[in-house]
Amino acid sequence: MTLEKLRSECLACTRCALHETRTNVVFGVGNENADIMFVGEGPGKNEDLQGIPFVGQAGQLLDTYLVAVGLKRSDVYIANIVKCRPPQNRDPLPAEQDCCIEWLETQLELISPKIVVCLGRIAAKRLIDENFKVTVDHGRIYDVGGLKIMGTFHPAALLRNPASKIPTFEDFKKLSEFVKETQ
């Protein structure tokens, strides 16, 4: 399996009802050999229109954080738990996540990052622990089945709650240090 073949298969997915209202499947984008893979919950309006994850205001903020720690978007890989936009940007339902998780698991296998960063509670609850609380557990690096995973605040949440920008920046600095230490 290659990432391109996986992408091709994913673009034709009809496993859940989200395919009925999507404009585009938002498979993922970035460096296929990335040390860092970011995972959000699902595409929003701009992402659905363009077929690219994190391209709206939240994506611009993510890019700012990357640059602040000496990275750029082309250094990382970005994907989501679900590949189609939930209506009205609601949280993806557990059943929708279940239908889509195999795509993400295969992306993780193919890219084989040194660390996965969950952006927001939905991704962290799915990939780290169902009891994960972003306000308490952000910035910690977990070992989940041999995969290093960190959870942090979702960039969209930072736009609504700017007070969380400082702890998020600390998480990004820790992430950058982790990657440097593993090289």
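Since every read-out is calculated from the coordinates, none of them should be taken as a lab result. Just so it is clear, the model here is predicted, and its values are computed rather than measured. Cβ atoms come from the backbone with ideal geometry, glycine included; neighbour counts cover every protein chain shown.
Of note:
- Spatially proximal lysines relative to K114 (Cα-Cα < 19 Å; intrachain offsets below 8 disregarded): K72, K148, K173, K174, K180
- Full extension of the chain between L11 and N89 gives 26.1 nm of extra length, using 0.36 nm per residue less the Cα-Cα distance.
- Answer label for mean projected area of the Cα convex hull in nm² (calculated), chosen among [x] 9.5; [y] 10.7; [z] 13.4: [x]
- Here is the short version for the chain: C10, C13, C84, C100, C118 have no other Cys C-beta closer than 4.7 Å.
- On Cα atoms only, tilt of 165-181 relative to the major axis of the chain in degrees: 80 degrees
- Here the chain is assigned +1 on the Cβ of each Lys and Arg and -1 on the Cβ of each Asp and Glu. Its dipole about the Cα centre then comes out at about 460 debye.
- Ellipticity at 222 nm from helices only: DSSP H runs of n ≥ 4 in the chain, each -39500 (n - 2.57), divided by the residue count, give -12500 deg cm²/dmol.
- Pairwise label distance in nanometres, V136 with T64, each label 7 Å out on the Cα-Cβ vector: 3.0 nm
- Counting only DSSP beta bridges whose two residues both lie in the chain, roughly 35 percent are antiparallel.
- Alpha carbon centroid spacing (whole Å) that separates region 19-42 from region 144-169: 17 Å
- Angle between the chain longest axis and helix 94-111 axis [Cα atoms, degrees, rounded to 10]: 60 degrees
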